[in-house]
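Contents: one structure, followed by commentary.
The values are calculated or read from the model by the stated rules, or taken from the named source; none is laboratory data. Just so it is clear, the structure is predicted and the values come from calculations on it, not from any experiment. Heads up: the accessible areas ignore ligands, DNA and RNA and are worked out on the full protein's heavy atoms, side chains in. Shrake-Rupley method; radii C 1.70, N 1.55, O 1.52, S 1.80 Å.
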Amino acid sequence: MRFSRVAIALTLLLLAAAAALFLYFFERHTEEVDLGPGPEARRNPFLAAERFLDRLDISHRRADNIAVLSTLKQGDALFLASSSQIYNDDRLRELLDWVEAGGHAIVIAHGSGDGEHEQDLLLNALGLGVTSGDLDFYFNSQIREMFGEDADELKENPSASKMMREHNRKLAEQKNRDEAEPENGSAEQSASVQPRNPDVDPEKLVNLTSDSGASYALYFNPRKVLVHEMMGQSADTDLDGYLLRWVTFQNIPTQSPLVYHERGRGRLTLMTDGALWHNDRIGEFDHAYFLAHLVGERSLVMITRPRFETLSELIQRYALELFLAGLLALAAWIANRSRRFGPVMPTPASERRSLLEHIRACGNFYWRQERAENLFERARAPLLHKLAVRGHLAAEQQQQLAESVAAATGLAARDIFDTLWGAAPHSEDDFTARMRSIQIIEAAL
(Lines give C-alpha, C1' and ligand atoms only; values in the text may rest on other atoms or scores of the structure.)
Protein backbone atom coordinates (compact mmCIF):
# COMPACT_ATOMS: atom_id res chain seq x y z
CA MET A 1 0.00 0.00 0.00
CA ARG A 2 2.91 2.28 0.86
CA PHE A 3 4.61 1.43 -2.44
CA SER A 4 1.52 2.32 -4.51
CA ARG A 5 1.30 5.73 -2.89
CA VAL A 6 4.92 6.48 -3.72
CA ALA A 7 4.37 5.39 -7.34
CA ILE A 8 1.36 7.64 -7.69
CA ALA A 9 3.28 10.59 -6.23
CA LEU A 10 6.23 10.05 -8.58
CA THR A 11 3.89 9.79 -11.55
CA LEU A 12 2.22 13.08 -10.67
CA LEU A 13 5.61 14.77 -10.23
CA LEU A 14 6.76 13.55 -13.64
CA LEU A 15 3.56 14.78 -15.30
CA ALA A 16 3.91 18.18 -13.63
CA ALA A 17 7.52 18.44 -14.76
CA ALA A 18 6.59 17.49 -18.33
CA ALA A 19 3.80 20.10 -18.38
CA ALA A 20 6.16 22.77 -17.06
CA LEU A 21 8.78 21.96 -19.68
CA PHE A 22 6.14 22.01 -22.48
CA LEU A 23 4.80 25.38 -21.37
CA TYR A 24 8.33 26.79 -21.06
CA PHE A 25 9.53 25.72 -24.50
CA PHE A 26 6.15 26.02 -26.33
CA GLU A 27 6.02 28.86 -28.86
CA ARG A 28 2.66 29.97 -30.29
CA HIS A 29 2.69 30.34 -34.08
CA THR A 30 -0.06 32.05 -36.06
CA GLU A 31 -0.48 31.42 -39.77
CA GLU A 32 -3.07 32.95 -42.02
CA VAL A 33 -4.56 30.65 -44.61
CA ASP A 34 -6.59 31.99 -47.52
CA LEU A 35 -9.74 29.92 -47.70
CA GLY A 36 -11.07 31.80 -50.71
CA PRO A 37 -14.34 33.71 -50.94
CA GLY A 38 -16.97 33.06 -48.32
CA PRO A 39 -20.44 31.72 -49.08
CA GLU A 40 -21.96 35.19 -49.40
CA ALA A 41 -19.20 36.37 -51.74
CA ARG A 42 -19.62 33.27 -53.92
CA ARG A 43 -23.33 33.93 -54.20
CA ASN A 44 -22.91 37.64 -54.94
CA PRO A 45 -19.91 38.63 -57.11
CA PHE A 46 -20.70 42.31 -56.46
CA LEU A 47 -20.55 42.00 -52.67
CA ALA A 48 -17.29 43.97 -52.40
CA ALA A 49 -18.77 46.72 -54.56
CA GLU A 50 -21.80 46.95 -52.28
CA ARG A 51 -19.58 47.14 -49.19
CA PHE A 52 -17.55 49.89 -50.83
CA LEU A 53 -20.69 51.89 -51.60
CA ASP A 54 -21.76 51.47 -47.97
CA ARG A 55 -18.47 52.99 -46.84
CA LEU A 56 -19.13 56.01 -49.05
CA ASP A 57 -22.74 56.31 -47.82
CA ILE A 58 -24.07 55.82 -51.36
CA SER A 59 -27.61 54.49 -51.30
CA HIS A 60 -28.01 51.26 -53.25
CA ARG A 61 -30.39 48.34 -53.52
CA ARG A 62 -30.89 45.29 -55.68
CA ALA A 63 -33.85 44.69 -57.99
CA ASP A 64 -35.15 41.52 -59.63
CA ASN A 65 -35.49 42.58 -63.26
CA ILE A 66 -35.84 45.45 -65.72
CA ALA A 67 -39.47 45.96 -64.72
CA VAL A 68 -38.13 48.20 -61.93
CA LEU A 69 -37.77 50.98 -64.53
CA SER A 70 -41.32 52.12 -63.93
CA THR A 71 -40.49 52.85 -60.26
CA LEU A 72 -37.19 54.72 -60.79
CA LYS A 73 -36.88 58.43 -60.26
CA GLN A 74 -35.24 60.79 -62.73
CA GLY A 75 -32.22 61.27 -60.46
CA ASP A 76 -31.52 57.55 -59.86
CA ALA A 77 -28.79 55.38 -61.32
CA LEU A 78 -29.36 51.91 -62.77
CA PHE A 79 -26.77 49.14 -63.17
CA LEU A 80 -27.57 46.33 -65.60
CA ALA A 81 -25.17 43.39 -65.51
CA SER A 82 -26.18 42.42 -69.05
CA SER A 83 -27.78 44.32 -71.91
CA SER A 84 -29.73 41.16 -72.78
CA GLN A 85 -32.12 42.05 -69.94
CA ILE A 86 -33.63 44.61 -72.35
CA TYR A 87 -35.61 41.90 -74.08
CA ASN A 88 -38.17 43.83 -76.18
CA ASP A 89 -38.74 47.18 -77.86
CA ASP A 90 -41.02 48.45 -75.09
CA ARG A 91 -38.33 47.96 -72.45
CA LEU A 92 -35.76 49.62 -74.72
CA ARG A 93 -37.97 52.65 -75.28
CA GLU A 94 -38.75 52.83 -71.55
CA LEU A 95 -35.02 52.80 -70.70
CA LEU A 96 -34.09 55.46 -73.26
CA ASP A 97 -36.97 57.70 -72.16
CA TRP A 98 -35.90 57.39 -68.53
CA VAL A 99 -32.30 58.27 -69.42
CA GLU A 100 -33.47 61.22 -71.50
CA ALA A 101 -35.47 62.49 -68.51
CA GLY A 102 -32.34 62.57 -66.32
CA GLY A 103 -31.52 58.99 -65.34
CA HIS A 104 -28.07 57.41 -65.50
CA ALA A 105 -27.79 53.82 -66.73
CA ILE A 106 -24.64 51.69 -66.51
CA VAL A 107 -25.00 48.68 -68.81
CA ILE A 108 -22.64 45.78 -69.52
CA ALA A 109 -22.72 44.69 -73.17
CA HIS A 110 -23.95 41.13 -73.52
CA GLY A 111 -22.53 40.26 -76.96
CA SER A 112 -20.15 37.31 -76.82
CA GLY A 113 -17.80 38.74 -79.42
CA ASP A 114 -17.28 35.37 -81.14
CA GLY A 115 -19.17 36.15 -84.32
CA GLU A 116 -22.48 34.56 -83.39
CA HIS A 117 -24.36 37.79 -84.17
CA GLU A 118 -26.62 37.61 -81.14
CA GLN A 119 -29.61 39.91 -81.13
CA ASP A 120 -29.08 42.85 -78.75
CA LEU A 121 -31.69 45.60 -78.96
CA LEU A 122 -29.66 48.21 -77.08
CA LEU A 123 -26.50 47.70 -79.14
CA ASN A 124 -28.51 47.79 -82.35
CA ALA A 125 -30.22 51.01 -81.30
CA LEU A 126 -26.83 52.66 -80.65
CA GLY A 127 -25.28 51.30 -83.84
CA LEU A 128 -22.65 49.36 -81.87
CA GLY A 129 -21.32 45.86 -82.23
CA VAL A 130 -19.28 43.50 -80.06
CA THR A 131 -16.22 41.74 -81.41
CA SER A 132 -13.26 39.76 -80.09
CA GLY A 133 -10.23 41.82 -79.11
CA ASP A 134 -6.70 40.84 -78.14
CA LEU A 135 -6.05 37.75 -76.03
CA ASP A 136 -5.06 38.91 -72.55
CA PHE A 137 -3.01 36.36 -70.68
CA TYR A 138 -3.63 37.99 -67.31
CA PHE A 139 -7.20 36.67 -67.22
CA ASN A 140 -6.07 33.04 -67.37
CA SER A 141 -5.96 32.75 -63.57
CA GLN A 142 -4.98 29.09 -63.47
CA ILE A 143 -1.81 29.66 -65.52
CA ARG A 144 -1.06 32.77 -63.45
CA GLU A 145 -1.27 30.85 -60.19
CA MET A 146 1.04 28.11 -61.48
CA PHE A 147 3.73 30.10 -63.30
CA GLY A 148 3.43 33.52 -61.69
CA GLU A 149 5.50 36.15 -63.50
CA ASP A 150 6.80 33.54 -65.95
CA ALA A 151 3.31 33.14 -67.37
CA ASP A 152 3.93 36.01 -69.78
CA GLU A 153 6.63 33.95 -71.49
CA LEU A 154 4.03 31.39 -72.55
CA LYS A 155 2.79 33.80 -75.18
CA GLU A 156 6.18 33.57 -76.92
CA ASN A 157 7.04 29.95 -76.09
CA PRO A 158 4.88 27.43 -77.99
CA SER A 159 6.29 24.40 -76.10
CA ALA A 160 4.36 23.91 -72.87
CA SER A 161 6.54 20.99 -71.73
CA LYS A 162 9.72 23.00 -72.18
CA MET A 163 8.16 25.86 -70.24
CA MET A 164 7.24 23.48 -67.42
CA ARG A 165 10.81 22.13 -67.15
CA GLU A 166 12.24 25.64 -67.11
CA HIS A 167 9.79 26.70 -64.45
CA ASN A 168 10.67 23.71 -62.24
CA ARG A 169 14.37 24.49 -62.63
CA LYS A 170 13.82 28.06 -61.46
CA LEU A 171 11.83 26.84 -58.47
CA ALA A 172 14.66 24.49 -57.47
CA GLU A 173 17.23 27.26 -57.72
CA GLN A 174 15.09 29.59 -55.65
CA LYS A 175 14.67 26.89 -52.98
CA ASN A 176 18.42 26.35 -52.76
CA ARG A 177 19.03 30.08 -52.37
CA ASP A 178 16.41 30.31 -49.64
CA GLU A 179 18.06 27.47 -47.73
CA ALA A 180 21.55 28.95 -48.11
CA GLU A 181 20.73 32.55 -47.21
CA PRO A 182 19.41 33.52 -43.77
CA GLU A 183 16.15 35.26 -43.36
CA ASN A 184 16.48 39.03 -43.62
CA GLY A 185 13.43 39.92 -41.54
CA SER A 186 10.33 41.78 -42.47
CA ALA A 187 11.97 43.81 -45.25
CA GLU A 188 12.32 40.84 -47.56
CA GLN A 189 8.88 39.54 -46.55
CA SER A 190 7.27 42.82 -47.46
CA ALA A 191 9.19 42.86 -50.74
CA SER A 192 7.84 39.40 -51.64
CA VAL A 193 4.25 40.55 -51.20
CA GLN A 194 2.63 40.98 -54.59
CA PRO A 195 1.44 44.50 -55.39
CA ARG A 196 -2.24 45.37 -55.39
CA ASN A 197 -2.30 46.11 -59.13
CA PRO A 198 -1.37 43.27 -61.51
CA ASP A 199 1.54 43.64 -63.86
CA VAL A 200 -0.09 44.45 -67.19
CA ASP A 201 0.89 46.26 -70.34
CA PRO A 202 0.51 50.02 -69.71
CA GLU A 203 -0.85 50.44 -73.23
CA LYS A 204 -3.88 48.37 -72.21
CA LEU A 205 -4.73 50.69 -69.33
CA VAL A 206 -7.49 53.23 -69.95
CA ASN A 207 -6.85 56.54 -68.23
CA LEU A 208 -9.82 58.85 -67.75
CA THR A 209 -10.03 62.33 -66.33
CA SER A 210 -13.30 63.65 -64.91
CA ASP A 211 -14.59 67.20 -65.09
CA SER A 212 -13.39 67.78 -61.52
CA GLY A 213 -9.82 66.86 -62.48
CA ALA A 214 -9.74 63.41 -60.86
CA SER A 215 -8.00 60.76 -62.95
CA TYR A 216 -8.85 57.05 -63.06
CA ALA A 217 -6.68 54.19 -64.33
CA LEU A 218 -8.84 51.29 -65.47
CA TYR A 219 -8.02 47.88 -66.83
CA PHE A 220 -10.72 46.45 -69.10
CA ASN A 221 -10.53 42.91 -70.38
CA PRO A 222 -9.53 43.45 -74.03
CA ARG A 223 -10.92 40.08 -75.15
CA LYS A 224 -14.31 41.69 -75.84
CA VAL A 225 -14.61 45.19 -77.27
CA LEU A 226 -17.20 47.52 -78.83
CA VAL A 227 -16.93 48.65 -82.44
CA HIS A 228 -18.67 51.36 -84.45
CA GLU A 229 -18.41 52.36 -88.07
CA MET A 230 -17.18 55.84 -87.04
CA MET A 231 -14.45 54.62 -84.66
CA GLY A 232 -11.01 55.61 -85.86
CA GLN A 233 -12.42 58.62 -87.71
CA SER A 234 -13.61 60.72 -84.78
CA ALA A 235 -14.00 60.57 -81.00
CA ASP A 236 -17.81 60.78 -81.13
CA THR A 237 -20.78 60.80 -83.46
CA ASP A 238 -24.33 62.10 -83.60
CA LEU A 239 -27.14 59.64 -82.84
CA ASP A 240 -30.70 60.95 -83.24
CA GLY A 241 -29.53 64.40 -82.21
CA TYR A 242 -27.61 63.14 -79.15
CA LEU A 243 -23.89 62.55 -78.63
CA LEU A 244 -22.39 59.06 -78.73
CA ARG A 245 -18.79 59.13 -77.46
CA TRP A 246 -16.31 56.29 -77.00
CA VAL A 247 -13.00 55.72 -75.22
CA THR A 248 -10.52 53.64 -77.23
CA PHE A 249 -7.31 51.83 -76.37
CA GLN A 250 -4.03 53.64 -76.92
CA ASN A 251 -2.79 51.32 -79.63
CA ILE A 252 -6.16 50.27 -81.16
CA PRO A 253 -8.24 53.33 -82.11
CA THR A 254 -10.99 51.23 -83.72
CA GLN A 255 -11.95 49.30 -80.58
CA SER A 256 -13.47 50.62 -77.39
CA PRO A 257 -14.23 49.09 -73.97
CA LEU A 258 -16.30 52.09 -72.82
CA VAL A 259 -18.97 54.14 -74.60
CA TYR A 260 -20.95 57.16 -73.35
CA HIS A 261 -24.30 58.18 -74.77
CA GLU A 262 -25.37 61.65 -73.68
CA ARG A 263 -29.15 61.60 -74.07
CA GLY A 264 -31.20 64.58 -72.92
CA ARG A 265 -30.45 65.30 -69.27
CA GLY A 266 -29.14 61.80 -68.57
CA ARG A 267 -26.35 59.51 -69.63
CA LEU A 268 -26.01 55.88 -70.68
CA THR A 269 -22.63 54.26 -69.96
CA LEU A 270 -21.98 51.05 -71.90
CA MET A 271 -19.07 48.78 -70.97
CA THR A 272 -17.78 45.45 -72.25
CA ASP A 273 -16.11 44.18 -69.07
CA GLY A 274 -18.72 43.22 -66.49
CA ALA A 275 -16.11 41.79 -64.09
CA LEU A 276 -14.52 45.19 -63.51
CA TRP A 277 -16.39 45.48 -60.19
CA HIS A 278 -16.37 41.82 -59.21
CA ASN A 279 -14.99 40.85 -55.83
CA ASP A 280 -11.61 39.76 -57.20
CA ARG A 281 -10.98 42.85 -59.35
CA ILE A 282 -12.67 45.85 -57.78
CA GLY A 283 -9.58 46.49 -55.63
CA GLU A 284 -7.28 46.76 -58.65
CA PHE A 285 -6.25 50.13 -60.08
CA ASP A 286 -9.09 52.70 -59.71
CA HIS A 287 -12.01 50.40 -60.45
CA ALA A 288 -13.85 51.06 -57.17
CA TYR A 289 -13.40 54.83 -57.39
CA PHE A 290 -14.61 54.82 -60.97
CA LEU A 291 -17.82 53.12 -59.83
CA ALA A 292 -18.31 55.82 -57.21
CA HIS A 293 -17.65 58.47 -59.88
CA LEU A 294 -20.30 57.03 -62.20
CA VAL A 295 -22.93 56.78 -59.47
CA GLY A 296 -22.14 60.11 -57.84
CA GLU A 297 -24.75 61.18 -55.33
CA ARG A 298 -27.51 59.21 -57.00
CA SER A 299 -29.39 56.28 -55.54
CA LEU A 300 -28.14 53.13 -57.28
CA VAL A 301 -30.39 50.24 -58.29
CA MET A 302 -28.44 47.09 -59.24
CA ILE A 303 -29.83 44.30 -61.42
CA THR A 304 -27.09 41.68 -61.30
CA ARG A 305 -29.05 38.43 -61.33
CA PRO A 306 -32.40 38.93 -63.05
CA ARG A 307 -35.24 37.03 -61.50
CA PHE A 308 -38.86 36.80 -62.64
CA GLU A 309 -41.81 35.71 -60.55
CA THR A 310 -42.81 32.07 -60.86
CA LEU A 311 -46.32 30.83 -61.51
CA SER A 312 -46.84 29.95 -57.86
CA GLU A 313 -45.79 33.45 -56.77
CA LEU A 314 -48.16 35.03 -59.27
CA ILE A 315 -50.99 32.81 -58.01
CA GLN A 316 -50.27 33.85 -54.43
CA ARG A 317 -50.16 37.53 -55.37
CA TYR A 318 -53.38 37.50 -57.37
CA ALA A 319 -55.20 34.82 -55.34
CA LEU A 320 -58.22 37.04 -54.66
CA GLU A 321 -58.62 38.05 -58.30
CA LEU A 322 -58.29 34.43 -59.45
CA PHE A 323 -60.84 33.31 -56.85
CA LEU A 324 -63.39 35.92 -57.97
CA ALA A 325 -62.81 35.09 -61.63
CA GLY A 326 -63.36 31.40 -60.88
CA LEU A 327 -66.63 32.16 -59.07
CA LEU A 328 -67.89 34.25 -61.98
CA ALA A 329 -66.95 31.51 -64.46
CA LEU A 330 -68.75 28.89 -62.32
CA ALA A 331 -71.88 31.06 -62.06
CA ALA A 332 -71.89 31.62 -65.81
CA TRP A 333 -71.56 27.87 -66.45
CA ILE A 334 -74.42 27.06 -64.03
CA ALA A 335 -76.64 29.68 -65.63
CA ASN A 336 -75.88 28.27 -69.06
CA ARG A 337 -76.59 24.67 -68.06
CA SER A 338 -79.65 25.21 -65.84
CA ARG A 339 -83.29 24.67 -67.10
CA ARG A 340 -85.37 27.70 -68.02
CA PHE A 341 -88.85 28.44 -66.58
CA GLY A 342 -91.99 28.07 -68.78
CA PRO A 343 -93.15 25.48 -71.34
CA VAL A 344 -90.68 23.97 -73.64
CA MET A 345 -91.22 24.94 -77.25
CA PRO A 346 -92.02 21.92 -79.45
CA THR A 347 -89.47 20.97 -82.00
CA PRO A 348 -90.62 22.43 -85.33
CA ALA A 349 -91.34 19.90 -88.04
CA SER A 350 -88.97 19.75 -90.92
CA GLU A 351 -90.25 21.51 -93.98
CA ARG A 352 -91.37 19.04 -96.67
CA ARG A 353 -92.91 19.64 -100.09
CA SER A 354 -96.38 18.14 -100.62
CA LEU A 355 -96.91 15.53 -103.34
CA LEU A 356 -99.02 17.86 -105.43
CA GLU A 357 -96.36 20.57 -105.27
CA HIS A 358 -93.75 18.04 -106.23
CA ILE A 359 -95.78 16.89 -109.26
CA ARG A 360 -96.43 20.49 -110.26
CA ALA A 361 -92.72 21.30 -110.01
CA CYS A 362 -91.77 18.26 -112.07
CA GLY A 363 -94.37 19.12 -114.67
CA ASN A 364 -93.17 22.69 -114.95
CA PHE A 365 -89.61 21.45 -115.34
CA TYR A 366 -90.44 19.02 -118.11
CA TRP A 367 -92.68 21.55 -119.82
CA ARG A 368 -89.85 24.10 -119.89
CA GLN A 369 -87.57 21.43 -121.29
CA GLU A 370 -90.12 20.80 -124.16
CA ARG A 371 -90.71 17.20 -123.10
CA ALA A 372 -94.53 17.38 -122.92
CA GLU A 373 -95.01 15.51 -126.20
CA ASN A 374 -92.78 12.66 -125.07
CA LEU A 375 -94.61 12.40 -121.75
CA PHE A 376 -97.98 12.40 -123.44
CA GLU A 377 -96.96 9.65 -125.89
CA ARG A 378 -95.62 7.48 -123.08
CA ALA A 379 -98.83 7.89 -121.10
CA ARG A 380 -101.06 7.14 -124.15
CA ALA A 381 -99.21 4.02 -125.37
CA PRO A 382 -100.35 1.69 -122.49
CA LEU A 383 -103.92 2.89 -122.96
CA LEU A 384 -103.91 1.94 -126.68
CA HIS A 385 -102.40 -1.40 -125.75
CA LYS A 386 -105.32 -2.09 -123.39
CA LEU A 387 -107.81 -1.21 -126.12
CA ALA A 388 -106.11 -3.78 -128.41
CA VAL A 389 -105.29 -1.17 -130.99
CA ARG A 390 -102.66 -2.55 -133.36
CA GLY A 391 -101.24 -0.31 -135.97
CA HIS A 392 -103.25 2.36 -137.80
CA LEU A 393 -107.10 2.09 -137.77
CA ALA A 394 -109.45 3.43 -140.35
CA ALA A 395 -111.44 6.53 -139.57
CA GLU A 396 -114.66 4.57 -139.18
CA GLN A 397 -113.00 2.11 -136.76
CA GLN A 398 -111.55 4.99 -134.74
CA GLN A 399 -114.96 6.65 -134.52
CA GLN A 400 -116.66 3.42 -133.40
CA LEU A 401 -114.03 2.78 -130.73
CA ALA A 402 -114.27 6.38 -129.48
CA GLU A 403 -118.06 6.16 -129.14
CA SER A 404 -117.85 2.82 -127.25
CA VAL A 405 -115.21 4.21 -124.82
CA ALA A 406 -117.25 7.44 -124.38
CA ALA A 407 -120.27 5.39 -123.38
CA ALA A 408 -118.21 3.61 -120.73
CA THR A 409 -116.47 6.68 -119.30
CA GLY A 410 -119.06 9.42 -119.73
CA LEU A 411 -116.66 11.58 -121.73
CA ALA A 412 -117.48 13.08 -125.12
CA ALA A 413 -116.55 10.98 -128.15
CA ARG A 414 -114.58 13.92 -129.56
CA ASP A 415 -112.47 14.09 -126.40
CA ILE A 416 -111.83 10.36 -126.56
CA PHE A 417 -110.77 10.64 -130.21
CA ASP A 418 -108.39 13.52 -129.54
CA THR A 419 -106.93 11.73 -126.54
CA LEU A 420 -106.30 8.45 -128.37
CA TRP A 421 -105.35 9.63 -131.88
CA GLY A 422 -105.06 13.40 -131.73
CA ALA A 423 -101.88 15.45 -131.92
CA ALA A 424 -99.83 16.13 -128.80
CA PRO A 425 -101.03 19.08 -126.71
CA HIS A 426 -99.26 22.45 -127.08
CA SER A 427 -100.58 24.28 -124.03
CA GLU A 428 -100.53 23.57 -120.31
CA ASP A 429 -104.33 23.47 -120.05
CA ASP A 430 -104.66 21.09 -123.03
CA PHE A 431 -101.90 18.87 -121.60
CA THR A 432 -103.62 18.72 -118.22
CA ALA A 433 -107.02 17.91 -119.81
CA ARG A 434 -105.55 15.14 -122.00
CA MET A 435 -103.75 13.52 -119.02
CA ARG A 436 -106.94 13.68 -116.98
CA SER A 437 -108.83 11.96 -119.81
CA ILE A 438 -106.22 9.19 -119.95
CA GLN A 439 -106.62 8.59 -116.23
CA ILE A 440 -110.44 8.42 -116.54
CA ILE A 441 -110.26 5.97 -119.44
CA GLU A 442 -107.76 3.75 -117.58
CA ALA A 443 -110.02 3.74 -114.54
CA ALA A 444 -113.09 2.76 -116.64
CA LEU A 445 -111.25 -0.05 -118.38
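Annotations for the structure displayed:
- Surface listing: L401, L123, L56 arranged by accessible area from highest to lowest gives L56, L401, L123, probe 1.4 Å.
- Using a probe of 1.4 Å on the protein chains alone, the accessible area found for Y366 is around 80 Å².
- One Cα centroid belongs to segment 218-240, the other to segment 364-378; the line between them spans 95 Å.
- Residue by residue, segment 410-426 carries 3J(HN,Hα) couplings of x, 8, 6, 5, 5, 5, 5, 5, 5, 6, 7, 10, x, 6, 5, x, 10 Hz when phi is fed to the Karplus relation 6.51 cos²θ - 1.76 cosθ + 1.60 (θ = phi - 60°); x denotes Gly or Pro.
- Among K73, K204, the sequence by solvent-accessible area, most first, with a 1.4 Å probe is K73, K204.
- Stretch gain in nm, segment A424-Q316, where the contour uses 0.36 nm per residue and the Cα spacing is subtracted: 29.8 nm
- Relative contact order [Cα under 8 Å, 6+ residues apart], segment 10-138, whole percent: 18
- Between segment 32-89 and segment 278-318, the Cα center-to-center distance that results, in Å: 2
- Accessible surface for S215 stands near 80 Å², nearest 10, in the context of the full protein assembly shown (1.4 Å probe).
- Shape call, segment 255-311: gyration tensor on alpha carbons, a/c limit 1.5: oblate
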